[in-house]
Structures are given as structure tokens and as C-alpha cells.
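*Asks:* Sending over a structure as C-alpha cells; questions will come in a sec.
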Amino acid sequence: MGTRRRNASRRARRLRAPVGLVALLLAASSLAGCGTGGSSATSLPSDLAGPATAFLSAYVDPDGRVVRRDQAGDTVSEGQAYAMLVAVGSGDRATFGRVWGWTKQHLQRPDGTLSWRWADGAVVDPASAADADLDAARALVLAGKTFGDLDLLADGLRVGQGVLDVETVETSAGRVLTAGSWAGTEPWAVNPSYVSPVAYALLGEASGDPRWNDLAVGDRAASTRLLTSVALPPDWAQVHADGRVEPVPGAAGRGGQGVRYGYDATRLPLRFAESCAPEDRALAARLVTPLEQSPGSAAERDLGGRPLTADRSVVGLAGEAAALAASGDAAQARDRLAQAATLQQEHPTYFGGAWAALGPAFLTSTVLGGCAPLSPA
């Protein structure tokens, strides 16, 4: 035990953690909610356990690698982070340990962030993706508290510091999150659905680094500017040093399908609706009008809300549920969550399975550190 504490202390010093951090944890001060207002629950309610178990059992290999079985069998940092969130929310320490162990060994970069894609036994794209890094850091901090493990907390702080150092930039709108390590020149590529107010609050409380609050304020300002010019957020955008934010057709401004609200952007209302800040929930709620103007819950829409396909998606339905929940329409929100669960059961996919588990967890449970806009069913 003495060796473990010494190792944790050295790790904390390398991360430039606040002097009182380890003492705070050793004194058993709760990190649940971490200033977000979340409760101290440590596992998902029983009605949410089924989708979580289904995702972990279907897509996590015994060694901890999350396999996109319906997408050529590769692995991405996003999937590893999703599994970590699902596992810590379920109180499944063994699965969490395997998933993080594989991720740390195979994907972690020297700067603390994670390489984006792995296939055929090796990393095939070493660039980072900011959403995966934020979700992984959030999961690690929560796991440190839930499982009483200072090593996991230190790992989470290291990933989080990498996010701040590598994946954020200062603009006149404030500090904003870029899409990843590859988005290093102005105009900076951003993915509006990567913004995670709950992760910022958790990591800010755990680290004491004021840049997390700066990031929360700056990204809220950038998201507000974006939603002042368009009704729905785009999958991809770019931000300028003067704070201008504009939709673009794909990562780095390139994409064959054009500007749209699709499989990426539909996560934005989920991340903002789970926030404890009223301003964030208000941003999620303002999406109800464009989403509700056309029935059918299309998986992809133009930025005014017009459907671009007859297809539906689990994450699209969960995103609608989030916007409705943030607006106070609990009945319709629950209906969309039920539709999402049915769709995943009828047409199971890796991405759908992740959000069939995480969507209800964000919206109806505080176990992942947010303020659920819906009470448990």
C-alpha cells in the first residue's frame, strides 16, 4: 500500500495536480457530481442495466478492445471511451479495468490524449479525437471515486491535461474545444457535438485547473453563436480567432454529403441536456422546434430541420429525447427513448448500442456526474 501511495503521489506531481487533491480523496470527499449537482449514486438503476450489459457483452472483447463489428471490425478511441462510461456507470470494475488497460497500452499518446483509430494489430491513425479524450477522462475521474482508485484518477487527470494542452485554443469568444490534435491551424476544425459541459465540470473540480471553466464558458458562447445563425447544429464547423463560427461540410471543411445535422450533431442535445447549467439546457431545448416541424425522427436533416433521409437512428432519437427533456416535455422525451431502444433491438449496431445505453443514462440518471433532466422511470 505504501508503494502504491508513493507512485500515486509521484504521478500527481508529474501532472501538476493541486497540492490538496490526493488529500481530498484520501479524506473520502465525494467527487460524484463534482460541482454539477449530480447525486452520489454509484451504479445505474436496474431499468438501465439491460442496454449497458448488451453493449458491453456485444462489443467488448475479453482483452478490453471495443470492436466495431458492423464497421469492418476496427477500433476507435470513441468506442473505448463509451465502454468506459458504460462500465463505470454500471459499477463494473472488471470490465472498466480491461477496457482502460487496453486503451492505455495501445492508444495513449505521449501527450496523454488517445490515438483515434486502431486496426489489424496497430494504430492506423495516430491523431486524437477530442470527444473520445473527454469521455475517457470523465470516465477515469468517475472511476477513481467509484472504485476508490487513485491511479485511475491520476490517469484521468493526465488525459484531461492533454485535452487542455493539445485540443483547445483561445479565441475572442473564449477558450474552445477543437476536433483533435490534427486541428491545429486557423480556422480550427470543431465538432459541436464534442462539447461536454459535464466533463468540464467534473475535470475542473478534480484538477483545480481554471481552464476547464474557461472552456465551459467559451464553448457555450461559441455554441450560442452557431445556433443564432442556424436552427440545428451541423456535424462539423470551424471557428476563427475572432470568434466567428460557421458550418462546414465535413472534417477540415471537406465532405461529400454537404452541411447537415446528422449522426455527429445529434449528440449535441444529449451533452447539453445533461448539464446542470440552465444556459446549457436552454441550448438543448431550442432544438425542439426545428426537430418537431417534420415527423418521423429522420437520422439526418438540413440545418433548418428538413429531413434528408427516411432512415432513423438510435442517437437521433436519443437526441430528440434530450431536447424534449430539456424543454420540460417528459412524456415525449420518454417516448423517443423507448423508440430508440426498440430500434436498437430490431437493428443492432455498435454506435446505436452505445447510445442506447448512454442516452438514458445521461437523461434519467446522475451516476455519470450530470443533472438528469428526467426523473428515473
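Every number in this text was worked out from the coordinates using simple rules, so none of it is lab data. Computed from a predicted structure; not experimentally measured. FYI the Cβ positions are ideal-geometry reconstructions off the backbone, even for glycines, and counts take in every protein chain you see.
*Asks:* Return the Rg/Rh value of the stretch 160-308, two decimal places, where both radii are evaluated on C-alpha atoms and Rh is the Kirkwood radius.
*Replies:* Rg divided by Rh gives 0.96.
*Asks:* At Asp165 and Gln105, where each label point lies 7 Å from the Cα along Cα→Cβ, what is the point-to-point distance in nanometres?
*Replies:* With each label point 7 Å from Cα toward Cβ, the separation is 2.5 nm.
*Asks:* Would you please classify the overall shape of the chain from the alpha carbon gyration tensor, given that a ≥ b ≥ c denote the square roots of the eigenvalues, rounded means a/c under 1.5, and beyond that prolate means a/b larger than b/c while oblate covers the rest?
*Replies:* Rounded shape, in that the Cα axes give a/c under 1.5.
*Asks:* Taking H as built 1.01 Å from N, whose amide H comes closer than 5 Å to the amide H of Val230, not counting residues under 5 places away?
*Replies:* Here the answer is none, since no amide H 5 or more places off falls under 5 Å of that of Val230.
*Asks:* Percent of Cα-Cα pairs more than 13 Å apart in the stretch 333-376, please.
*Replies:* 52 percent
*Asks:* Suppose the chain between Thr309 and Ala72 were pulled fully straight at 0.36 nm per residue; how much longer would it get relative to their current alpha carbon spacing?
*Replies:* Result for the pair: 82.9 nm of gain on full extension.
*Asks:* Residues with amide H under 5 Å of Leu303's amide H, sequence separation 5 or more or different chain, H placed in the peptide plane at 1.01 Å from N; which?
*Replies:* When sequence neighbours closer than 5 places are left aside, the close amide H contacts are Tyr261.
*Asks:* Before anything else, pin down the relative contact order of the stretch 31-364: Cα pairs under 8 Å, at least 6 apart, normalised by residue count, whole percent.
*Replies:* 14 percent
*Asks:* Still on this structure: State the Cα centre-to-centre distance between the stretch 180-220 and the stretch 225-304 in whole Å.
*Replies:* 17 Å
*Asks:* Using the Karplus equation 6.51 cos²θ - 1.76 cosθ + 1.60 (θ = phi - 60°), what ³J(HN,Hα) coupling, rounded to whole Hz, does each residue of the stretch 238-247 give in order, writing x for Gly and Pro?
*Replies:* Whole-Hz 3J(HN,Hα) from phi for the stretch 238-247: 9, 10, 9, 4, 7, x, 5, 10, 9, x.
*Asks:* Just round it to a whole percent: the fraction of Cα-Cα distances in the stretch 244-326 exceeding 14 Å.
*Replies:* The answer is 61 percent, as a whole percent.
*Asks:* While we're here: Any idea what the dipole of the chain comes to, in debye rounded to 20, about its Cα centre with Lys/Arg Cβ at +1 and Asp/Glu Cβ at -1?
*Replies:* Taking the Cα centre of the chain as origin, the dipole is about 1000 debye.
*Asks:* Per-residue HN-Hα couplings for the stretch 231-236, Karplus 6.51 cos²θ - 1.76 cosθ + 1.60 at θ = phi - 60°, whole Hz, x for Gly and Pro?
*Replies:* Ordered by residue, 3J(HN,Hα) equals 6, 10, x, x, 4, 9 Hz.
*Asks:* Quick check on the exposure proxy: order Tyr194, Tyr263, Tyr200 from fewest to most C-beta atoms within 10 angstrom.
*Replies:* Ascending number of Cβ neighbours within 10 Å: Tyr263, Tyr194, Tyr200.
*Asks:* For Arg175, which sequence-distant residues (separation of 5 or more, or a different chain) have an amide H within less than 5 Å of its own amide H, given hydrogens modelled in the peptide plane?
*Replies:* Gly218
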